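A short worksheet on the structure shown next.
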Amino acid sequence: MNKSTIREVSSHVGQTVTIGCWLNNKRKSGKIQFLQLRDGSGYIQGVLVKSEVTPEVWEAAANLTQESSLYVTGVVNEDTRSQSGYELSITGIEPIQIAHDYPITPKEHGVDFLMDHRHLWLRAPRQRAILIIRSQIIRAVQQFFDDRGFHLVDPPILTPSSCEGTTNLFHTKYFEEDAYLTQSGQLYMEAAAMALGKVYSFGPTFRAEKSKTRRHLIEFWMIEPEMAFVNHDESLKVQEEFIAYVVQSVLENCKHELETIGRDVSKLEKIQAPFPRISYDDAIKFLQENGHEIQWGEDFGAPHETAIAESYEKPVFITKYPAAIKAFYMKPDPERPEVVLCADMIAPEGYGEIIGGSQRIDDPQLMEERFREHELSEEAYQWYMDLRKYGSVPHSGFGLGLERTVAWICGLDHVRETIPFPRLLYRLYP
Ligand code: 4AD
Ligand code: MG
(Lines give C-alpha, C1' and ligand atoms only; values in the text may rest on other atoms or scores of the structure.)
(Ligands and ions follow the chains in the order given, each with its own letter.)
Protein backbone atom coordinates (compact mmCIF):
# COMPACT_ATOMS: atom_id res chain seq x y z
CA MET A 1 0.00 0.00 0.00
CA ASN A 2 1.31 3.43 -1.05
CA LYS A 3 0.19 5.63 1.88
CA SER A 4 0.01 9.39 1.42
CA THR A 5 -1.48 12.50 2.98
CA ILE A 6 -3.42 15.02 0.93
CA ARG A 7 -0.59 17.51 1.36
CA GLU A 8 1.84 15.05 -0.20
CA VAL A 9 -0.20 13.97 -3.26
CA SER A 10 1.80 16.33 -5.49
CA SER A 11 4.70 13.90 -5.34
CA HIS A 12 2.46 10.96 -6.37
CA VAL A 13 0.92 12.17 -9.64
CA GLY A 14 -0.15 9.20 -11.78
CA GLN A 15 0.31 6.77 -8.87
CA THR A 16 -2.23 4.89 -6.78
CA VAL A 17 -2.22 6.07 -3.15
CA THR A 18 -4.20 5.34 0.01
CA ILE A 19 -5.18 8.22 2.29
CA GLY A 20 -6.77 8.13 5.75
CA CYS A 21 -9.45 10.84 5.74
CA TRP A 22 -12.92 12.10 6.65
CA LEU A 23 -15.83 12.86 4.37
CA ASN A 24 -16.54 16.59 4.40
CA ASN A 25 -19.34 16.60 1.90
CA LYS A 26 -20.47 14.73 -1.18
CA ARG A 27 -22.59 15.13 -4.26
CA LYS A 28 -23.89 12.79 -6.92
CA SER A 29 -24.48 13.45 -10.57
CA GLY A 30 -26.02 10.43 -12.29
CA LYS A 31 -23.35 7.78 -12.53
CA ILE A 32 -20.63 9.86 -10.85
CA GLN A 33 -20.09 10.54 -7.12
CA PHE A 34 -17.90 13.44 -5.94
CA LEU A 35 -16.46 13.09 -2.44
CA GLN A 36 -15.00 16.13 -0.67
CA LEU A 37 -12.30 14.64 1.54
CA ARG A 38 -10.15 16.13 4.28
CA ASP A 39 -7.34 14.61 6.32
CA GLY A 40 -6.15 17.58 8.39
CA SER A 41 -3.26 18.23 6.02
CA GLY A 42 -5.58 19.51 3.29
CA TYR A 43 -8.62 18.95 1.08
CA ILE A 44 -9.05 16.92 -2.09
CA GLN A 45 -11.96 15.90 -4.27
CA GLY A 46 -12.37 12.18 -4.98
CA VAL A 47 -14.32 11.07 -8.07
CA LEU A 48 -16.01 7.70 -8.58
CA VAL A 49 -17.36 6.62 -11.94
CA LYS A 50 -19.92 3.82 -11.57
CA SER A 51 -18.78 1.91 -14.64
CA GLU A 52 -15.15 1.94 -13.42
CA VAL A 53 -15.49 0.61 -9.84
CA THR A 54 -16.94 -2.53 -8.31
CA PRO A 55 -20.56 -2.38 -7.04
CA GLU A 56 -19.17 -2.74 -3.46
CA VAL A 57 -17.00 0.35 -3.79
CA TRP A 58 -19.89 2.31 -5.33
CA GLU A 59 -22.16 1.21 -2.44
CA ALA A 60 -19.52 2.05 0.21
CA ALA A 61 -19.21 5.57 -1.18
CA ALA A 62 -23.00 6.00 -1.28
CA ASN A 63 -23.22 4.99 2.41
CA LEU A 64 -20.65 7.54 3.63
CA THR A 65 -22.12 10.31 5.78
CA GLN A 66 -20.65 13.67 6.80
CA GLU A 67 -17.56 13.15 9.04
CA SER A 68 -17.40 9.39 8.45
CA SER A 69 -13.80 8.19 8.52
CA LEU A 70 -12.29 6.04 5.82
CA TYR A 71 -9.28 4.89 3.87
CA VAL A 72 -9.64 5.94 0.28
CA THR A 73 -7.53 4.51 -2.53
CA GLY A 74 -7.20 6.10 -5.95
CA VAL A 75 -5.01 7.51 -8.68
CA VAL A 76 -3.69 11.07 -8.25
CA ASN A 77 -4.43 13.37 -11.19
CA GLU A 78 -3.51 16.97 -11.73
CA ASP A 79 -6.57 19.20 -11.82
CA THR A 80 -5.93 22.88 -12.36
CA ARG A 81 -9.57 23.81 -11.60
CA SER A 82 -9.47 22.71 -7.96
CA GLN A 83 -7.89 24.73 -5.13
CA SER A 84 -5.51 21.91 -4.22
CA GLY A 85 -4.51 21.40 -7.87
CA TYR A 86 -5.17 17.63 -7.66
CA GLU A 87 -8.00 15.17 -7.83
CA LEU A 88 -8.29 11.52 -6.88
CA SER A 89 -9.84 8.90 -9.23
CA ILE A 90 -11.18 6.55 -6.59
CA THR A 91 -10.67 2.80 -6.98
CA GLY A 92 -11.24 1.64 -3.41
CA ILE A 93 -13.04 2.69 -0.22
CA GLU A 94 -12.60 1.15 3.21
CA PRO A 95 -14.91 2.81 5.76
CA ILE A 96 -13.42 3.04 9.28
CA GLN A 97 -16.48 4.44 11.03
CA ILE A 98 -19.81 5.70 9.75
CA ALA A 99 -20.75 8.88 11.64
CA HIS A 100 -24.44 9.34 12.45
CA ASP A 101 -26.05 12.78 12.85
CA TYR A 102 -22.96 14.97 12.90
CA PRO A 103 -24.26 18.02 14.78
CA ILE A 104 -22.58 20.74 12.70
CA THR A 105 -24.36 20.60 9.35
CA PRO A 106 -23.75 22.89 6.38
CA LYS A 107 -26.66 25.12 7.58
CA GLU A 108 -26.01 28.19 9.78
CA HIS A 109 -25.58 27.63 13.53
CA GLY A 110 -25.63 30.11 16.42
CA VAL A 111 -22.40 30.99 18.23
CA ASP A 112 -23.45 29.33 21.52
CA PHE A 113 -24.19 26.09 19.70
CA LEU A 114 -20.84 26.23 17.92
CA MET A 115 -19.00 27.04 21.16
CA ASP A 116 -20.67 24.05 22.89
CA HIS A 117 -19.35 21.94 20.02
CA ARG A 118 -15.96 23.61 19.81
CA HIS A 119 -14.24 20.18 19.80
CA LEU A 120 -16.00 19.47 16.47
CA TRP A 121 -16.17 23.04 15.18
CA LEU A 122 -12.35 22.95 14.93
CA ARG A 123 -12.79 20.69 11.87
CA ALA A 124 -14.45 23.48 9.85
CA PRO A 125 -12.16 24.87 7.11
CA ARG A 126 -12.34 28.38 8.57
CA GLN A 127 -11.41 27.27 12.09
CA ARG A 128 -8.62 25.09 10.75
CA ALA A 129 -7.23 28.03 8.76
CA ILE A 130 -7.24 30.27 11.85
CA LEU A 131 -5.35 27.67 13.91
CA ILE A 132 -2.78 27.27 11.13
CA ILE A 133 -2.23 31.04 11.08
CA ARG A 134 -1.90 31.02 14.88
CA SER A 135 0.73 28.31 14.57
CA GLN A 136 2.59 30.33 11.90
CA ILE A 137 2.51 33.43 14.14
CA ILE A 138 4.10 31.43 16.96
CA ARG A 139 6.76 30.11 14.57
CA ALA A 140 7.52 33.66 13.35
CA VAL A 141 7.76 34.95 16.94
CA GLN A 142 10.32 32.32 17.78
CA GLN A 143 12.27 32.90 14.56
CA PHE A 144 12.39 36.64 15.17
CA PHE A 145 13.82 36.35 18.66
CA ASP A 146 16.04 33.34 18.02
CA ASP A 147 17.66 35.16 15.06
CA ARG A 148 18.43 38.16 17.28
CA GLY A 149 20.21 36.40 20.10
CA PHE A 150 17.31 36.13 22.56
CA HIS A 151 16.95 33.00 24.68
CA LEU A 152 13.62 31.35 25.43
CA VAL A 153 13.02 31.22 29.19
CA ASP A 154 9.96 29.74 30.91
CA PRO A 155 8.61 31.63 33.93
CA PRO A 156 6.47 29.77 36.51
CA ILE A 157 2.69 29.49 36.24
CA LEU A 158 1.99 29.18 39.97
CA THR A 159 3.14 32.36 41.71
CA PRO A 160 3.09 33.69 45.27
CA SER A 161 2.29 37.30 44.28
CA SER A 162 0.80 39.49 41.55
CA CYS A 163 2.43 41.27 38.59
CA GLU A 164 -0.39 43.35 37.10
CA GLY A 165 -2.39 44.38 40.20
CA THR A 166 -4.33 42.32 42.67
CA THR A 167 -7.89 42.72 41.38
CA ASN A 168 -8.00 39.89 38.84
CA LEU A 169 -5.94 37.08 40.35
CA PHE A 170 -6.97 33.43 40.22
CA HIS A 171 -6.44 32.05 43.68
CA THR A 172 -5.53 28.48 44.55
CA LYS A 173 -4.07 26.64 47.53
CA TYR A 174 -0.42 25.58 47.31
CA PHE A 175 -0.43 23.05 50.14
CA GLU A 176 -0.56 25.31 53.23
CA GLU A 177 0.24 28.50 51.30
CA ASP A 178 -1.80 30.72 48.99
CA ALA A 179 -0.86 30.82 45.32
CA TYR A 180 -2.10 32.53 42.16
CA LEU A 181 -2.09 31.61 38.49
CA THR A 182 0.34 33.92 36.75
CA GLN A 183 -0.95 37.16 35.18
CA SER A 184 2.38 37.79 33.46
CA GLY A 185 5.83 36.25 33.61
CA GLN A 186 7.48 39.67 33.49
CA LEU A 187 8.99 39.88 36.96
CA TYR A 188 10.70 36.52 36.46
CA MET A 189 11.80 37.52 32.97
CA GLU A 190 13.54 40.53 34.51
CA ALA A 191 15.56 38.14 36.66
CA ALA A 192 16.29 36.04 33.55
CA ALA A 193 17.43 39.13 31.58
CA MET A 194 19.99 39.85 34.31
CA ALA A 195 21.32 36.33 33.74
CA LEU A 196 21.02 35.89 29.95
CA GLY A 197 20.82 39.46 28.58
CA LYS A 198 17.97 39.16 26.09
CA VAL A 199 15.20 36.70 26.82
CA TYR A 200 11.60 35.99 25.87
CA SER A 201 8.89 33.78 27.22
CA PHE A 202 5.86 32.22 25.60
CA GLY A 203 3.22 30.80 27.86
CA PRO A 204 -0.31 30.90 29.23
CA THR A 205 -1.38 33.74 31.54
CA PHE A 206 -4.59 34.15 33.51
CA ARG A 207 -6.82 37.07 34.43
CA ALA A 208 -9.96 36.59 36.51
CA GLU A 209 -11.53 39.56 34.77
CA LYS A 210 -15.31 39.85 34.72
CA SER A 211 -15.07 41.36 31.24
CA LYS A 212 -17.33 40.02 28.55
CA THR A 213 -15.91 41.76 25.49
CA ARG A 214 -14.65 40.59 22.12
CA ARG A 215 -11.06 41.26 23.30
CA HIS A 216 -10.94 39.48 26.66
CA LEU A 217 -10.08 35.92 27.49
CA ILE A 218 -9.66 34.51 30.99
CA GLU A 219 -6.73 32.37 29.85
CA PHE A 220 -4.55 33.77 27.09
CA TRP A 221 -1.02 33.29 25.77
CA MET A 222 1.59 35.99 26.03
CA ILE A 223 5.01 36.55 24.49
CA GLU A 224 7.18 38.52 26.91
CA PRO A 225 10.62 39.72 25.84
CA GLU A 226 12.86 41.39 28.40
CA MET A 227 16.15 43.14 27.53
CA ALA A 228 19.04 44.31 29.73
CA PHE A 229 20.72 47.62 28.78
CA VAL A 230 17.79 48.56 26.51
CA ASN A 231 15.85 51.77 27.10
CA HIS A 232 12.26 52.73 26.30
CA ASP A 233 12.94 54.12 22.78
CA GLU A 234 15.09 51.15 21.82
CA SER A 235 12.37 48.80 23.00
CA LEU A 236 9.80 50.51 20.73
CA LYS A 237 12.08 49.84 17.75
CA VAL A 238 12.26 46.15 18.61
CA GLN A 239 8.46 46.07 18.95
CA GLU A 240 7.69 47.61 15.55
CA GLU A 241 10.22 45.41 13.75
CA PHE A 242 8.85 42.39 15.57
CA ILE A 243 5.21 43.01 14.61
CA ALA A 244 6.09 43.85 11.00
CA TYR A 245 8.12 40.62 10.79
CA VAL A 246 5.28 38.49 12.15
CA VAL A 247 2.68 40.00 9.78
CA GLN A 248 4.93 39.64 6.72
CA SER A 249 5.71 36.05 7.64
CA VAL A 250 1.98 35.22 7.78
CA LEU A 251 1.47 36.89 4.39
CA GLU A 252 4.26 34.79 2.92
CA ASN A 253 3.40 31.45 4.46
CA CYS A 254 -0.39 31.43 4.86
CA LYS A 255 -1.79 32.60 1.50
CA HIS A 256 -4.36 29.78 1.29
CA GLU A 257 -5.50 30.24 4.87
CA LEU A 258 -5.90 34.01 4.55
CA GLU A 259 -7.96 33.36 1.42
CA THR A 260 -10.10 30.74 3.20
CA ILE A 261 -11.05 33.24 5.91
CA GLY A 262 -11.52 36.07 3.41
CA ARG A 263 -8.94 38.43 4.93
CA ASP A 264 -8.27 41.68 3.05
CA VAL A 265 -4.50 41.27 2.77
CA SER A 266 -3.93 44.75 1.31
CA LYS A 267 -4.40 46.05 4.88
CA LEU A 268 -1.70 43.69 6.17
CA GLU A 269 0.74 44.53 3.40
CA LYS A 270 0.98 48.07 4.81
CA ILE A 271 2.33 46.83 8.15
CA GLN A 272 5.98 47.88 7.81
CA ALA A 273 8.19 49.60 10.40
CA PRO A 274 8.34 52.33 11.61
CA PHE A 275 4.98 52.74 13.36
CA PRO A 276 3.57 56.12 14.41
CA ARG A 277 3.91 57.28 18.03
CA ILE A 278 1.53 59.57 19.89
CA SER A 279 1.93 60.67 23.50
CA TYR A 280 -0.80 60.03 26.05
CA ASP A 281 -1.15 63.84 26.36
CA ASP A 282 -1.76 64.27 22.64
CA ALA A 283 -4.09 61.29 22.56
CA ILE A 284 -6.22 62.91 25.29
CA LYS A 285 -6.29 66.19 23.33
CA PHE A 286 -7.22 64.36 20.14
CA LEU A 287 -10.09 62.56 21.89
CA GLN A 288 -11.40 65.75 23.52
CA GLU A 289 -11.34 67.54 20.17
CA ASN A 290 -13.32 64.68 18.69
CA GLY A 291 -16.14 64.79 21.19
CA HIS A 292 -15.03 62.17 23.75
CA GLU A 293 -15.65 62.83 27.46
CA ILE A 294 -12.22 62.04 28.86
CA GLN A 295 -9.87 63.94 31.20
CA TRP A 296 -6.11 63.78 31.63
CA GLY A 297 -5.41 61.03 34.17
CA GLU A 298 -8.13 58.64 33.00
CA ASP A 299 -7.40 55.37 31.25
CA PHE A 300 -8.62 54.64 27.74
CA GLY A 301 -11.53 52.34 27.04
CA ALA A 302 -12.04 50.33 23.86
CA PRO A 303 -13.92 53.19 22.04
CA HIS A 304 -11.04 55.59 22.79
CA GLU A 305 -8.42 53.15 21.48
CA THR A 306 -10.47 52.52 18.36
CA ALA A 307 -10.91 56.27 17.73
CA ILE A 308 -7.14 56.83 17.98
CA ALA A 309 -6.27 53.82 15.81
CA GLU A 310 -8.67 54.96 13.07
CA SER A 311 -6.28 57.76 12.11
CA TYR A 312 -3.61 55.25 11.11
CA GLU A 313 -3.17 52.30 8.76
CA LYS A 314 -0.43 50.80 10.95
CA PRO A 315 -0.34 49.95 14.64
CA VAL A 316 0.22 53.08 16.75
CA PHE A 317 2.19 53.46 19.99
CA ILE A 318 0.56 55.52 22.73
CA THR A 319 3.46 56.53 24.96
CA LYS A 320 4.04 57.93 28.44
CA TYR A 321 0.86 57.35 30.40
CA PRO A 322 0.31 58.86 33.85
CA ALA A 323 2.15 56.79 36.47
CA ALA A 324 -1.03 56.59 38.53
CA ILE A 325 -2.87 54.38 35.99
CA LYS A 326 0.04 52.05 35.17
CA ALA A 327 1.80 49.18 36.94
CA PHE A 328 4.12 49.73 39.93
CA TYR A 329 7.31 48.68 38.12
CA MET A 330 7.32 51.29 35.31
CA LYS A 331 10.15 53.85 35.27
CA PRO A 332 9.10 57.50 35.57
CA ASP A 333 10.16 59.88 32.80
CA PRO A 334 13.17 61.71 34.35
CA GLU A 335 11.93 64.97 32.80
CA ARG A 336 8.33 64.56 33.97
CA PRO A 337 7.98 62.04 36.78
CA GLU A 338 4.14 62.12 36.69
CA VAL A 339 4.31 60.03 33.47
CA VAL A 340 6.12 56.73 32.90
CA LEU A 341 8.35 55.41 30.10
CA CYS A 342 5.77 53.04 28.71
CA ALA A 343 3.82 52.40 25.54
CA ASP A 344 0.76 50.45 24.50
CA MET A 345 0.68 49.33 20.88
CA ILE A 346 -2.83 49.70 19.45
CA ALA A 347 -3.61 47.55 16.42
CA PRO A 348 -5.43 49.02 13.41
CA GLU A 349 -9.04 48.23 12.43
CA GLY A 350 -10.39 48.43 16.00
CA TYR A 351 -8.50 45.48 17.51
CA GLY A 352 -7.26 47.49 20.50
CA GLU A 353 -4.13 47.05 22.57
CA ILE A 354 -1.95 44.17 21.44
CA ILE A 355 1.25 45.09 23.31
CA GLY A 356 1.86 46.64 26.71
CA GLY A 357 5.46 47.48 27.60
CA SER A 358 7.77 49.78 29.49
CA GLN A 359 11.22 50.56 30.78
CA ARG A 360 11.43 49.18 34.34
CA ILE A 361 12.41 50.98 37.52
CA ASP A 362 16.09 50.22 38.21
CA ASP A 363 16.57 52.44 41.28
CA PRO A 364 16.19 50.45 44.54
CA GLN A 365 14.92 53.41 46.61
CA LEU A 366 12.20 54.31 44.14
CA MET A 367 11.21 50.65 43.93
CA GLU A 368 10.76 50.53 47.70
CA GLU A 369 8.61 53.66 47.58
CA ARG A 370 6.41 52.09 44.93
CA PHE A 371 5.92 48.97 47.04
CA ARG A 372 4.67 51.16 49.88
CA GLU A 373 2.39 53.24 47.62
CA HIS A 374 0.89 50.11 46.08
CA GLU A 375 0.70 48.33 49.45
CA LEU A 376 2.69 45.37 48.15
CA SER A 377 4.37 43.16 50.74
CA GLU A 378 8.11 43.80 50.62
CA GLU A 379 8.64 40.27 51.86
CA ALA A 380 6.88 38.71 48.86
CA TYR A 381 8.88 40.86 46.45
CA GLN A 382 12.23 40.63 48.19
CA TRP A 383 13.72 38.57 45.39
CA TYR A 384 12.56 41.21 42.88
CA MET A 385 14.28 43.92 44.97
CA ASP A 386 17.49 41.89 44.83
CA LEU A 387 17.57 42.56 41.07
CA ARG A 388 17.89 46.27 41.94
CA LYS A 389 20.46 45.68 44.67
CA TYR A 390 22.97 43.50 42.86
CA GLY A 391 24.14 45.14 39.64
CA SER A 392 20.94 46.99 38.69
CA VAL A 393 20.86 48.09 35.02
CA PRO A 394 18.43 49.94 32.73
CA HIS A 395 16.14 47.38 31.16
CA SER A 396 12.89 47.22 29.21
CA GLY A 397 10.39 44.66 28.05
CA PHE A 398 6.91 44.13 26.75
CA GLY A 399 4.09 41.63 26.45
CA LEU A 400 2.28 40.71 23.23
CA GLY A 401 -1.16 39.15 23.62
CA LEU A 402 -1.21 36.28 21.14
CA GLU A 403 -4.98 35.97 20.73
CA ARG A 404 -5.58 39.66 20.04
CA THR A 405 -2.77 39.49 17.49
CA VAL A 406 -4.37 36.47 15.81
CA ALA A 407 -7.77 38.24 15.83
CA TRP A 408 -6.27 41.28 14.12
CA ILE A 409 -4.17 39.42 11.55
CA CYS A 410 -7.12 37.16 10.68
CA GLY A 411 -9.65 40.02 10.82
CA LEU A 412 -11.97 38.16 13.27
CA ASP A 413 -14.91 39.65 15.17
CA HIS A 414 -14.01 38.02 18.48
CA VAL A 415 -11.01 36.45 20.23
CA ARG A 416 -13.00 33.27 20.94
CA GLU A 417 -12.04 31.88 17.51
CA THR A 418 -8.31 32.56 17.94
CA ILE A 419 -7.56 29.81 20.48
CA PRO A 420 -8.53 26.15 20.22
CA PHE A 421 -10.48 25.99 23.49
CA PRO A 422 -11.26 29.52 24.73
CA ARG A 423 -11.76 30.13 28.44
CA LEU A 424 -14.33 32.91 28.53
CA LEU A 425 -16.36 34.51 31.28
CA TYR A 426 -18.71 31.69 32.45
CA ARG A 427 -17.48 29.26 29.80
CA LEU A 428 -15.25 26.38 30.85
CA TYR A 429 -16.70 23.73 28.49
CA PRO A 430 -15.52 21.92 26.45
O1 4AD B 1 -0.80 45.14 29.18
P2 4AD B 1 -0.60 43.86 29.94
O3 4AD B 1 -1.44 43.64 31.14
O4 4AD B 1 0.96 43.84 30.28
C5 4AD B 1 1.61 42.95 31.07
O6 4AD B 1 1.13 41.96 31.56
C7 4AD B 1 3.08 43.22 31.18
N8 4AD B 1 3.57 42.61 32.42
C9 4AD B 1 3.77 42.68 29.96
C10 4AD B 1 5.27 42.91 29.98
O11 4AD B 1 5.70 44.05 29.96
N12 4AD B 1 6.06 41.85 30.02
O13 4AD B 1 -0.83 42.63 28.95
C14 4AD B 1 -0.05 42.51 27.79
C15 4AD B 1 -0.93 42.14 26.60
C16 4AD B 1 -1.99 43.19 26.25
O17 4AD B 1 -1.47 44.21 25.45
C18 4AD B 1 -3.01 42.35 25.50
O19 4AD B 1 -2.60 42.15 24.16
C20 4AD B 1 -2.92 41.02 26.21
O21 4AD B 1 -1.69 40.97 26.89
N22 4AD B 1 -4.00 40.85 27.17
C23 4AD B 1 -5.11 40.08 26.97
N24 4AD B 1 -5.47 39.32 25.92
C25 4AD B 1 -6.63 38.64 26.01
N26 4AD B 1 -7.43 38.66 27.10
C27 4AD B 1 -7.10 39.41 28.17
N28 4AD B 1 -7.89 39.40 29.25
C29 4AD B 1 -5.88 40.17 28.14
N30 4AD B 1 -5.25 40.99 29.01
C31 4AD B 1 -4.12 41.39 28.40
MG1 MG C 1 -1.95 46.81 29.12
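The values are calculated or read from the model by the stated rules, or taken from the named source; none is laboratory data. Source: prediction; values computed, not measured. Quick reminder, even Gly has a Cβ in these numbers, built from the backbone with ideal geometry, and neighbours come from all protein chains shown. Please note that ligands, DNA and RNA were not included when accessible areas were found on the heavy atoms of the full protein model with its side chains. Shrake-Rupley method; radii C 1.70, N 1.55, O 1.52, S 1.80 Å.
Yes or no, residue by residue, for (1) charged (D, E, K, R); (2) within 16 Å of ligand 2 (Cβ to nearest atom):
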position	(1), (2)
Y329	no, yes
R336	yes, no
D344	yes, yes
W383	no, no
G391	no, no
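Just one of the numbered conditions (1) surrounded by fewer than 20 Cβ atoms within 10 Å (Cβ to Cβ); (2) over 28 Å from Y390 (Cβ atoms); (3) within 16 Å of ligand 2 (Cβ to nearest atom) is not true of G165: (2).
Is it fair to say G46 is part of a strand (DSSP E or B) and touching a residue at least 60 places away in the same chain (Cβ under 8 Å)? No; evaluated as a whole, the condition is false for this residue.
Given the criteria touching a His at 6+ places or on another chain (Cβ under 8 Å), assigned to a loop (DSSP other than H, G, I, E, B) and either away from ligand 1 (no atom under 12 Å from the Cβ) or on the phi < 0 side of the Ramachandran plot (or both), does D362 qualify? Considered against the rule, which asks whether it is touching a His at 6+ places or on another chain (Cβ under 8 Å), assigned to a loop (DSSP other than H, G, I, E, B) and either away from ligand 1 (no atom under 12 Å from the Cβ) or on the phi < 0 side of the Ramachandran plot (or both), D362 comes out as yes.
Can you tell me which residue is nearest to L402 (Cα to Cα) among those in the stretch 206-254 that are among the aromatic types (F, W, Y) and away from ligand 2 (no atom under 16 Å from the Cβ)? Filtering the stretch 206-254 for residues that are among the aromatic types (F, W, Y) and away from ligand 2 (no atom under 16 Å from the Cβ), the one nearest to L402 (Cα to Cα) comes out as F242. State which residue is farthest from A309 (Cα to Cα) when the search covers only the stretch 352-369 and only residues that are away from ligand 2 (no atom under 14 Å from the Cβ) and buried (at least 20 other Cβ atoms within 10 Å of the Cβ). Only one residue tops the list, namely M367. Scanning the stretch 109-139 for residues that are surrounded by 16 or more Cβ atoms within 10 Å (Cβ to Cβ) and acidic (D, E) yields a single hit, D116. The residues of the stretch 368-385 that are more than 15 Å from ligand 1 (Cβ to nearest atom) and touching a residue at least 24 places away in the same chain (Cβ under 8 Å), listed by number, are F371, E373, S377, A380, W383.
So that you can scan it fast, the table gives a plain yes or no per residue for (1) touching a residue at least 12 places away in the same chain (Cβ under 8 Å); (2) within 16 Å of ligand 2 (Cβ to nearest atom); (3) more than 13 Å from Y351 (Cα to Cα); (4) touching a helix residue (DSSP H, G or I) at 6+ places or on another chain (Cβ under 8 Å):
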position	(1), (2), (3), (4)
L387	yes, no, yes, yes
P394	yes, no, yes, no
G401	yes, yes, no, no
L412	yes, no, no, yes
I419	yes, no, yes, yes
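Note on the stretch 105-158: residues that are of a type outside the set (D, E) and outside any loop (DSSP other than H, G, I, E, B) amount to 32. Hey, any hits in the stretch 227-234 for a residue that's closer than 21 Å to F275 by Cβ, of a type in the set (V, I, T) and within 12 Å of ligand 1 (Cβ to nearest atom)? No: zero hits. Condition first: open to solvent by 30 Å² or more (accessible area, probe 1.4 Å), within 9 Å of ligand 1 (Cβ to nearest atom) and modelled with pLDDT of 95 or more. Now tell me which residues in the stretch 181-219 satisfy that. Answer for the stretch 181-219, where residues must be open to solvent by 30 Å² or more (accessible area, probe 1.4 Å), within 9 Å of ligand 1 (Cβ to nearest atom) and modelled with pLDDT of 95 or more: R207, R215, H216, E219. Do we have any residue at all in the stretch 172-180 that's in a helix (DSSP H, G or I), surrounded by 15 or more Cβ atoms within 10 Å (Cβ to Cβ) and at pLDDT 95 or above? Within the stretch 172-180 (the criterion being in a helix (DSSP H, G or I), surrounded by 15 or more Cβ atoms within 10 Å (Cβ to Cβ) and at pLDDT 95 or above), the answer is no, since none of the residues qualifies.
Considering (1) over 14 Å from L400 (Cα atoms); (2) open to solvent by 50 Å² or more (accessible area, probe 1.4 Å), the lone condition that Q142 does not fulfil carries the number (1).
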